[in-house]
Amino acid sequence: MSLRPQNLSIKALKIKMPPPTPLAPVVAVLNMKGGVGKTTVSAHLMRHLFERLHKSTLLVDFDPQFNLSQTVLSRSRYESLRDKGTTVATIMEPMPSTSLFKITTNLGPPPDEDQVSTTLFRFGSSGKTLALVPGHFGLSKYSLITDQQSLTPIRQRFLNFIENSRKTRDLVCIDCNPSSSFMTLCALMASTHILIPVRPDRYSILGLQLLDQFISELAQLTKKPKLIILLNGMKLSNSTEIAVETSLRSDAKFGPMVLGNTLRFSGLLAADDNYVGFATDKKVAHVSALKTRLSKITDELKGHLGWQ
Ligand SMILES: Nc1ncnc2c1ncn2[C@@H]1O[C@H](COP(=O)(O)OP(=O)(O)OP(=O)(O)O)[C@@H](O)[C@H]1O
Ligand SMILES: [Mg+2]
């Protein structure tokens, strides 16, 4: 005798599952050229985006120089986190790291996010946070190791970590270092989007061509990330910069990738050794103009990240 109620077919018994939540975008802030504003954009644009759009955001300081961490954390807070292993180095290899020239074998799964990140800001009681995985100088060892093949498991551990974060966060942002290296490859393979800050100088298009070629020729990249270009450090009424901007915007390939809004030069964003934290928290008159600009860029970026 059947135990199934007479009038219920198997089809009717099937539970309707909600559609799977899409994975968060991963934005690598990258340019092979140094000093173009990668760290400034990672810190200030992402903080502003967090406040404006309330997106739970994870910042990863992926530069051995760890300028992002130095910008937003006091020295004592950074050192205490580093001593507990709360840095990006623990994503790559478990603590303690063996030596500058040896890498750990039998890596195991990547750490949970709360083992390697520190919360910078919370949005009310929503549970949405802006958190940072602090950087670590020790990452420079990956550029010294000649047997790049031996680094494949480390790259995979990093990719697994980012993939896990995509399930719990709304956005992951990776502040990259300028040299093309093992770390650049890790960031490119992890990212869905590449945000490229560009200074309006005559070599900027050359740098973009190089990056674009690098990405298209990289065999490991099965899914190419989307490129987004942000002009940074523009000064009003500088004729050379205006000419560079015009030629970049009219470039058949790169023009459509350039955001309409630019991040202008701002004295608030210029390095200040005596200040730790976000420039937009400074109690000075120019902050509102900077925030307005960051809002415009954020709103434009929103569309590129599929949030409209
Ligand atoms: N829009 C801006 N207005 C004023 N100063 C800026 C602006 N953007 C960046 N800077 C300054 O330019 C310098 C380089 O910026 P930043 O460190 O962000 O570049 P980077 O690309 O991360 O450099 P690196 O390649 O060394 O990692 C810093 O002193 C920063 O304060
Ligand atoms: Mg930097």
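Full extension of the segment from residue 223 to residue 114, taken as 0.36 nm per residue of separation minus the current Cα-Cα distance, would add 36.4 nm.
Cα centroid separation, segment 182-233 to segment 254-308: 20 Å. Simple spin-label estimate for residue 65 and residue 160 gives 3.2 nm between the two label positions (7 Å along the Cα-to-Cβ direction from each Cα).
Distance between the pseudo-spin-label points of residue 21 and residue 146 (7 Å out from Cα toward the beta carbon): 4.7 nm. Shown in residue order for segment 46-55 are the 3J(HN,Hα) couplings computed by the Karplus curve 6.51 cos²θ - 1.76 cosθ + 1.60 at θ = phi - 60°: 6, 4, 5, 4, 4, 6, 7, 9, 6, 9 Hz (x for Gly and Pro). Relative to the compact-globule estimate of 2.2 N^0.38 Å, the Cα radius of gyration of the chain comes out at 1.11.
Residue 203 versus residue 272, label points 7 Å from Cα toward the beta carbon: distance in nm? Here the answer is 3.0 nm between the modelled labels. For the cross-link pairs 38/224; 141/296; 38/84; 33/253, the ones whose C-alpha atoms lie over 29 Å apart are 141/296. For the chain, relative contact order (Cα pairs under 8 Å, six or more residues apart, normalised by length) works out to 25 percent.
Length gained on full extension, residue 236 to residue 54: 62.4 nm, using 0.36 nm per residue less the C-alpha separation. Note on residue 251/residue 137: beta-carbon distance plugged into 1/(1 + (r/R0)^6) with R0 of 51 Å gives a FRET efficiency of 0.85.
The string of couplings for segment 277-294 from the Karplus curve (6.51, -1.76, 1.60, θ = phi - 60°) is x, 8, 4, 6, 8, 5, 8, 9, 4, 6, 4, 5, 5, 5, 5, 4, 5, 5 Hz, one whole number per residue in order, with x for Gly and Pro.
Among the trypsin sites (Lys or Arg not before Pro) found in segment 133-224, those both in a DSSP coil and sparsely packed, with 12 or fewer other Cβ atoms within 10 Å of their Cβ, are 202, 223. Comparing mean-square fluctuations of 208, 53, 230 from a GNM of the chain with C-alpha springs under 10 Å, the top value falls on 53.
Of all DSSP-defined beta bridges confined to segment 20-304, some 15% are antiparallel rather than parallel.
Here the 3J(HN,Hα) profile of segment 267-274, calculated from phi with Karplus coefficients 6.51, -1.76 and 1.60 at θ = phi - 60°, is x, 5, 8, 5, 3, 9, 5, 8 Hz, Gly and Pro shown as x. A cut-off of 5 Å between modelled amide H atoms, ignoring neighbours fewer than 5 places along the same chain, links residue 198 with 230, 231, 232.
The DSSP beta bridges internal to segment 88-235 are antiparallel in roughly 45% of cases. Given R0 = 25 Å, the distance between the Cβ atoms of residue 287 and residue 308 translates into a calculated FRET efficiency of 0.40.
In this structure the amide hydrogen of residue 173, modeled in the peptide plane, comes within under 5 Å of the amide hydrogens of 27, 58, 59, 60, none closer than 5 places in sequence on its chain.
Each value in this text was obtained by applying a stated rule to the coordinates, not by laboratory testing. Just so you know, these numbers come straight off a predicted model, no measurement behind them. Positions of Cβ are backbone-derived with ideal geometry, glycine not excepted, and every protein chain shown enters the neighbour counts.
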